[in-house]
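Asker: Quick one: this structure, given as C-alpha cells, is what I'll be asking you about.
What follows draws every value from the coordinates through simple rules; no lab data is involved. In this text the structure is predicted, and so the values were computed from the model without any measurement. Don't worry about glycine lacking a Cβ; one is built from the backbone with ideal geometry, like all the others, and counts go over all protein chains shown.
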Amino acid sequence: MCGIAGIAGEADELVVKDMLARIRHRGPDDTGIYATPRNHPGAKVAMGNNRLSILDLSPAGHQPTSNEDGTVWVAYNGEIYNFAELRQELENDGHRFLSHTDTEILPHLYEKYGPDMVNRLNGMFAFALWDGMAERLWLFRDRMGVKPLYYVQVGSQLYFASEIKALLACPEIEPALDVECLPEYLALLYVPNPQTMFKGIFKLSPGYRLLWEKGRISVEPYWKMRFGPLFQASEEELSEQFHEVMVSAVRRQLISDVPIGFFLSGGLDSSALVACAAESGMSTLRCYSIAFRREHGALEQSDEDSHFARVVADRFGAKFESLPVEPEVATLLPKAIWHMDEPVADHAAIATYLICRAAKPEVTVLLSGQGADEVLGGYRVHLAHRLSRYLAHVPGPMRRTFARNLLPFLHRHAAALPFVHPGLLLAFCRFYEKLQAAADMPAEQQYSALRSYYAAGALQDLLSDEVAEATTRKPLHRFDEHFADCAGEELLNKLLYVDCKTFLPDLNLTLSDKMSMAHSIEARVPFLDNEVVDFLLRVPPNIKIKRLTQKYLLRRAFRDILPSGVLRRRKAGFGLPIRSWLQNELRDMVHDMLSEKRVRERGLLQPAAVSRMIEENMSGRQDHTLRIWALLTLELWQQTFLDNSSANFSTTESILGVGTT
C-alpha cells in the first residue's frame, strides 16, 4: 500500500515532491521520484511514490521501479495477490528480479503483455506506468475500485495522484465546487464516478485504464462485469465450493511481512473472514471493534456489535479489542474530511478512522468485510421489489394514511414502547415510508428512489434558486446509465451491478481506503478478490437471496462454523450513534455550522429549508439524520478545501491537526 503522484507532459520533480508531501500518511516508510531528464528531446514525465512497506521491508522495495534497461517505470499503490505465480512465469521467460515485492513484476509483465497485462492481475491497485520507448503514460485502477486514483488535464499536461489533496499542490489547479454534482451528492451522500465534487478533477473509474500520449488522453474499460453462465450445481455443492473459494481468498490476502488484524463488527461478513483465517492456520488473530454507551445507541438499529464481535473472537481464540467511542465528532470530523478529500457523508468513516487509529500500534494490515453486501445481496434495497409485491395488495390510500399518521407517532414514542428496541422501530419507519412511496414504481426506478435521500421535489426545494437554474443533469442519471449497461440481466443482478459501479467504490471503498490510510494502515477486502467475484457472477440470483433470506449462500457456507446468533443476526449498518449525538452532544455544532446566516452566505441551499429540516429532526417529528450529516460534511469540506485554498500545506495540517491523534 502506498500513495502515488505524478505529471505527464512535464518533468517537474519539485511539484511532484510537494504532491507527495501532502499524502505522506499513505506511505511513511520511503519516498522516491523518477523523472525523465530535463534535456530529454521527447515527452517528459515525473512520478513518485510514498511507500508503506508490506512485502519485502528492505530498501530493495524502493519505488518507482523499472525493468532491466530502465525503459518502463512504475509507481504503484496496492497489492497483487497472485504475484508469486506471475513472477515465476516471468522468471521462466528470463526476467530477473532484485526484490521480493509484488510491485517489481509490473514493468516486466508490461514488457510481455503490453497494457493488457492488467488482466493478469488479481489484486487491489492503482498505478502509473511510463513506457519510455513509446512515450506513453498509462494509469490503471483495479476492477472493483478498491484503490483510488484521481486525475486532471490542464492543457497538454496530465496530473494524477492517489488523493485529490496532492493534485491541489499543483499551481495550475484551483479548487472549485462543481455545482452540477451538488444534487447528486445531496441525493446519494457521495458523487458517482467519474466526477468528483471538485470541478475538473476526475476519478479513474473501477476497471478502467487511461492513456496519455502526445498531450491527449483516452479512457477505456479493460474489464466489464458480466453475469453467467450460471452454475447448475445444487445449493449444497455451491455452498461447499463458495466456502473453499473464500478460504483461498483470505489465505492469499494473509500474505504479508507485517502484522495483520481484522475489522470485526460481529456481523456475518467480518465474522466469516475471521473464520476463514482460523481455518487457514493463522496463529495470531487480532480483531478490533467499537462500542458506545447504550443510551447513545438507543436510536440506532443495533447497539450489539461489540457483544457479537466478542462472541466471534472467543469462538476462534482471537485477541479482541473493543474501542469505547464518545461523541468527539466535532474534533474528528474535520480530520476525516481532510483525509477523505471528497465529501462522503457516511458516519462509518469516523468509526473506521477510530478503529484504525487504535489498531495501528499493533498491525499494519486490516482485513475488512467490505463488498459482501454488493456481491451477495445484503442490502434492504435488494429485497424491496419482493416486499413491494406484498405491499401492493394494500390499497394506496391505506398505505399513505399509515405512513402519514402512524409513523410520526412511532417516531415520537418509540422509546416508550415496551419490548421493542427503539432504533429498530425507527429503522422500520424510515424504510416503510420510502418503500410505500415507491411501491408502485417499476423495479429500476424503485431502486433509484430507495437509494436517494430525497424525492425529486424535495431536493429541488432545498437548492438555492441559482443552483437549481445551473444544474441540468438528473441527480440519478448514473443509475440510468448503469441499468442500460446491464439490460437483459435478472433484476437482482441488475441491482448488484449498479451498486458495484456506484455505491461500492464511491462511498464504501472510498471511506475504507482514506480512513485506513490516514493511519498508514492497508485495508484488504477478500470479498472483492477476483476469484470470489468471478465465482459469484455465476451463482443464480435465487441462491444469493432465497425468499426473504439475504446473503443466503454465505449463511449456508458458514452455517456449521459461525455462532448461530451471528448467522441469524439482522443487517445493521456499521457506524456511530449519530442520531442521538445530533440531538444532544452535537446540537450546538449543527446550529453553528448550518445557521441561516452561514447557509445564505454559501448561496447553495435555501436557508429556510435547512432550518426547517434541523427543527423537525431535533423535535423528533422526522428523521433527517443523514441529510443533516451530509450538510455538515459539505460545510466542513468547503471550509477545508475551498475557504483555505490559498493556505499552504503546513498551515492546513496545523489547522486540522492532521497526523495527530
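Asker: Using only the alpha carbons of region 2-221, determine the length spanned along each of the three principal axes and report them from longest to shortest in whole angstroms.
Answerer: Result for region 2-221: principal-axis Cα extents of 54, 41, 32 Å.
Asker: When the convex hull of the C-alpha atoms of the chain is computed, what volume per residue in Å³ does it have?
Answerer: Cα convex hull per residue, to the nearest whole number: 154 Å³.
Asker: Separation of region 17-79 and region 265-283 by C-alpha centroid, Å?
Answerer: That distance is 35 Å.
Asker: Related question: In nm, to one decimal, how far is the residue 314 label point from the residue 60 one, both placed 7 Å along Cα→Cβ?
Answerer: 4.6
Asker: May I pose another question? Could you give the C-alpha radius of gyration of region 155-250 expressed as a fraction of 2.2 N^0.38 Å, taking N as the number of residues it contains?
Answerer: 1.62
Asker: Okay, next question. Tell me the label-point distance for the pair residue 584, residue 235, using the 7 Å Cα-to-Cβ offset, in nm and rounded to one decimal.
Answerer: Modelled inter-label distance: 4.3 nm.
Asker: What does DSSP give for the chain in terms of the percent of beta bridges that are antiparallel, rounded to the nearest 5?
Answerer: Here the share of antiparallel DSSP bridges comes out near 80 percent.
Asker: For residue 134, put the label point 7 Å out on the Cα→Cβ axis and report which residues of region 85-113 keep their amide N under 12 Å from it.
Answerer: The answer is 110-113.
Asker: For the chain, what are the DSSP H helices with axial Cα length of 20 Å or more and mean Kyte-Doolittle hydropathy of at least 0.0?
Answerer: 422-438
Asker: Now for a separate question. Hey, for a label at residue 443 modelled as a point 7 Å past Cα toward Cβ, could you say which residues of region 489-530 have their backbone N under 14 Å away?
Answerer: Of the residues in region 489-530, 489-498 have backbone N under 14 Å from the label point off residue 443.
Asker: Take the residue pairs 474/551; 147/199; 44/514; 147/501; 474/514; 474/544 and return only those whose Cα atoms are more than 23 Å apart.
Answerer: 474/551; 44/514; 474/514; 474/544
Asker: If you don't mind, there's one more thing I want to ask. Full-extension gain between residue 394 and residue 568, please, as 0.36 nm times their residue separation minus the C-alpha to C-alpha distance.
Answerer: 59.7 nm is the gain from fully extending residue 394 to residue 568.
Asker: Moving on. Alpha carbon centre of region 180-216 versus region 594-640: separation in Å?
Answerer: About 25 Å separates the Cα centre of region 180-216 from the one of region 594-640.
Asker: Pick out, in residue order, every one of the trypsin sites (Lys or Arg not before Pro) in region 62-164 that is DSSP loop and has at most 12 other C-beta atoms within 10 Å; say none if there are none.
Answerer: Loop-located and lightly packed - 96.
Asker: Next question, about the same structure. For region 311-334 and region 459-525, what is the separation of their C-alpha centers, rounded to whole Å?
Answerer: Answer, in whole Å: 28.
Asker: How far apart, in nm, are the 7 Å Cα→Cβ label points at residue 284 and residue 217?
Answerer: 4.3
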